[in-house]
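Here is the structure we will look at.
The values are calculated or read from the model by the stated rules, or taken from the named source; none is laboratory data. Keep in mind that what you see is a predicted model, and the values were worked out from it rather than measured. Cβ placement follows ideal geometry from the backbone for every residue including glycine, while neighbour counts extend to all protein chains displayed. Accessible surface areas use protein heavy atoms only, side chains included; no ligands, DNA or RNA. Shrake-Rupley method; radii C 1.70, N 1.55, O 1.52, S 1.80 Å.
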Amino acid sequence: MRIFLLEDNELYARRLEYHLALNPENEVRRFSNANSFLAHLHEAPDCVLLDYGLPDKSGTEVLKLIKEYDAELPVLIVSGQEDVSTAVDLLREGAYDYIVKDDNTQDKIWKAINNLRETVSMRKELSELRAELSTRYDFQKIMGLSEEIQKVHKLIAKAAQTNISVSIIGETGTGKELVAKAIHYNSPNSKRPLVSINLSAIPSDLIEGELFGHEAGAFTGAHNRRIGKFEEANGGTLFLDEIGELDLNIQAKLLRVLQEREIYRLGSNKPIKINCRVIVATHRNLAQEVREGRFREDLYYRILGMPIELPPLRKRGADKLLLAKHFLSTFTKENRLPGLKLSKAAQERIMAYPWPGNVRELKAVIELACVLAEKGIIEEKDLNYNSVSDEMDNLVDEGLSLKEYNRRIIQHYLKKYQNNVVQVAQKLEVGKSTLYRMIKNKELNIN
Amino acid sequence: MSDSVYDLSQLEELGGGDMDFVNMMVATFLEHTPGQLEEMKKAHASGDWATLGSIAHKIKPNVDMFGINTIVQDIRDLEQMGKAGESGPDMDSKLAKVDQELNKAFVALSER
């Protein structure tokens, strides 16, 4: 249980911290003033021990702020004053308990925290159920009718039935995390936690602490014991995103953990058994990384498990339009916009564009188009592509005929030069008559 | 232990033989309490009874924790007097005693 202790008496705080940390399941963080505490409230403590008499804010004020942030977070007030009316007021404001500082304080707190444990685990279960609900909804988003995605769907269902390791390979924006969630929340361990960590987002010297946890004093700045992601995911699923970015020396440690099924917190020589399914994901070709010496071969085989390859959006045929319509209706509903339709030209453009940023890019483009659209219709001009990949690659990826490429280029220049055929013909070094013929045949549009 | 100026048995019991914990607590006590004592004396000199009372309130659990038994009652009296704004010779003598005993404890603890 993660306990935040807000107490300005350093000695008293340290004594309580020591006492509470005697239970290895407790992770205690000390704060000596309200402001530093409030700045860390987003780190989701399971409960708060709040000293009533703080230097910068009264206990009542802090309690109100906590309750505004999260009305269900249990707050135990610890006070040096035996003032019944204050106690009653605080309990009325939503304090979980009111404990007077005396010789038995720490026993009372110990008991109160033990009683809380059940409440906290129910709270966690509730939030996991909520997450599960929303993930089921998310799961719909990786659905599609294309053969490629139906294959993925079948693999997800198979992976969910057992606790086999899974490796998800796919370009950026294809929905790798959604697949991990779909597997977890459809598995028998769905009630247990799904813990995700993006390995590319954490500096390499901090990754070990994040994964395996540390004891207080394990390194400079490690003031408290901290539980790592492997322990947090106990009984559930650990999702290691961007595994291809892991340093070779951490790869060796990870391999050992996966083989022995036990971890050591940094600064401790006590092994802790782990019991969680591991799902990894990467946008890299790991086999290639192994060949080039950047990824350990033994780790590769250990994590490969069931490989699920997510197809890029450009290979998903009509799913592009299906997803575009789905994002369109979700966005308009969420923002209470009137119903919008995609023009025929816009639909064709969505089908033809290669979507280097995949589903993530499609979603962003559609949402922007919903905002830009006028008269209830999304036109081709409302689709703004801000792809970071090479324009030529994208163009070539569309796989059009040379005739169609020519038509596109001429159309582009006509637009640029306000339909001045003479100017465009000079620029592209083609005959004016060719352009006039194309306009006449409606291959080019000058409206 | 030197002539019962302090008694660490409560802390030792809590630490369950973990001397690192006891040493850390002693170091924290020596780091924070002398400053608090000085603040309390300053508040007394300037007639700020409320501040005196609130500092006494903070020192109180530390006095208990370190078993500085000769002033267990005096520090509580100072807290109450400060709260009620009752100054007078009684307050002066109690503060002098607290000052003297805490200083003895500081010396003894730093020499242990």
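A few remarks follow.
- Residues A:Leu321 and A:Arg407, FRET efficiency given R0 of 30 Å [Cβ-Cβ distance, rounded to 0.05]: 0.85
- Heavy atoms of chains A and B lose about 1400 Å² of accessible surface on contact, summed over both sides with a 1.4 Å probe.
- At least 10 Å² accessible surface lost relative to isolated chain, residues of the range A:37-82 (1.4 Å probe): A:Gly80, A:Gln81
- FRET efficiency, B:Ala45 to A:Asp70 (Cβ-Cβ, R0 51 Å, nearest 0.05): 0.70
- Across the range A:427-435, coupling constants 3J(HN,Hα) worked out from phi with the 6.51/-1.76/1.60 Karplus curve, θ = phi - 60°, read 4, 8, 6, 10, x, 4, 4, 4, 5 Hz, and Gly and Pro carry x.
- Cβ neighbours within 10 Å from other chains - mean over B:28-41: 1
- Directionally averaged shadow of the protein assembly as shown, computed from the convex hull of its alpha-carbon atoms, nm²: 36.2 nm²
- Rounded FRET efficiency, nearest 0.05, which uses the C-beta distance separating A:Lys427 from A:His153 and R0 of 41 Å: 0.25
- Amide hydrogen neighbours beyond the local backbone of A:Asn275, cut-off 5 Å, H modeled: A:Gly235
- With the biggest extent put first, the Cα atoms of the range A:137-209 measure 43, 28, 22 Å across the principal axes.
- Carbon + sulfur, % of accessible area of chain B - ligands and nucleic acids excluded, 1.4 Å: 49 percent
- For A:Glu309, the residues 5 or more places off, or on other chains, whose built amide H falls under 5 Å of its own are A:Ile169.
- Alpha carbon centroid spacing (whole Å) that separates the range B:68-83 from the range A:285-319: 70 Å
- Here's the picture: a label point sits 7 Å out from the Cα of A:His40 along the beta-carbon direction, and within the range A:192-225 the residues with their amide nitrogen under 14 Å of it are A:216-217, A:221-225.
- Each Lys or Arg adds one and each Asp or Glu subtracts one; over the other residues with Cβ under 13 Å from the Cβ of A:Leu6, this totals -4.
- Near A:Lys57, the amide H atoms lying under 5 Å from its own belong to A:Ala34; only residues 5 or more places off or on other chains count, and H is placed 1.01 Å from N.
- Put a plus charge on the Cβ of each Lys and Arg, a minus charge on the Cβ of each Asp and Glu, and nothing anywhere else: the dipole of the protein assembly as shown about its Cα centre is then about 4260 debye.
- Angle between chain A longest axis and helix A:358-372 axis [Cα atoms, degrees, rounded to 10]: 80 degrees
- Of A:Lys403, A:Lys315, A:Lys344, the one that fluctuates the most in a GNM where chain A has Cα springs shorter than 10 Å: A:Lys403
- 10 Å Cβ neighbours from other chains, averaged over peptide A:8-20: 5
- Angle between chain A longest axis and helix A:176-185 axis [Cα atoms, degrees, rounded to 10]: 50 degrees
- Computed over chain B: relative contact order in percent, which uses C-alpha pairs under 8 Å that are six or more apart: 34 percent
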